[in-house]
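Enquirer: Starting off with a structure, shown below.
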Amino acid sequence: MTRSFQAGLLLLACLCSSAEAQDAAAGRDKAMACTPCHGPDGIAVAPNAPHIAGENAAYLTSQLKAFRSGERQHEQMSIIAADLTDEDIADLARWFSMIEITAKVPDLD
């Protein structure tokens, strides 16, 4: 591998990481509108809302686009998603997918 090729790969990796961080930061800011139902960390506070923290970004994107298009219906989400742009959806999906969730199996002994 030539030095120029290696340098190009390094530059590309830095640019991608920077873009992902910007998308996540934008998503974090946009997610403030999600907190009444999904909580500030993507862990639902409303009893009929799902936890969305740590979900796959592709899944979140497809669901938000389905709400926006009317393919999927929900009293609140259909209204909220109607005004989301593709960029908004990508930013939100990136933010919520980056939240790390841990689980602990109960010790029954």
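Enquirer: Can you name every residue in the stretch 36-57 that is under 9 Å from the mean Cα position of the chain (by Cα) and either modelled with pLDDT under 95 or among the polar types (S, T, N, Q) (or both)?
Expert: Asn56
Enquirer: If I ask for residues that are part of a loop (DSSP other than H, G, I, E, B), surrounded by fewer than 17 Cβ atoms within 10 Å (Cβ to Cβ) and hydrophobic (A, V, I, L, M, F, W, C), which ones from the stretch 27-81 would you list?
Expert: Across the stretch 27-81, the qualifying residues are Ile43, Ala44, Val45, Ala46.
Enquirer: If you check Ala103 against the conditions, is it free of Cβ contacts under 8 Å to residues at least 40 places away in the same chain, hydrophobic (A, V, I, L, M, F, W, C) and surrounded by fewer than 11 Cβ atoms within 10 Å (Cβ to Cβ)?
Expert: yes
Enquirer: Something else about it: State which residue pairs qualify: first residue within 16 Å of Ala44 (Cβ to Cβ) and inside the stretch 71-84, second residue open to solvent by 70 Å² or more (accessible area, probe 1.4 Å) and part of a helix (DSSP H, G or I) in any location, beta carbons under 8 Å apart, and separation of 6 or more residues or different chains.
Expert: Short answer, once both residue conditions are applied: Ile80/Ala33.
The values are calculated or read from the model by the stated rules, or taken from the named source; none is laboratory data. The shown structure was predicted, so the numbers you read here are calculated from the model rather than taken from an experiment. So basically every Cβ, Gly included, is an ideal-geometry build from the backbone, and we count neighbours across all protein chains shown. Just so you know, the surface numbers come from the protein's heavy atoms only, side chains and all, with ligands and any DNA or RNA stripped out. Shrake-Rupley method; radii C 1.70, N 1.55, O 1.52, S 1.80 Å.
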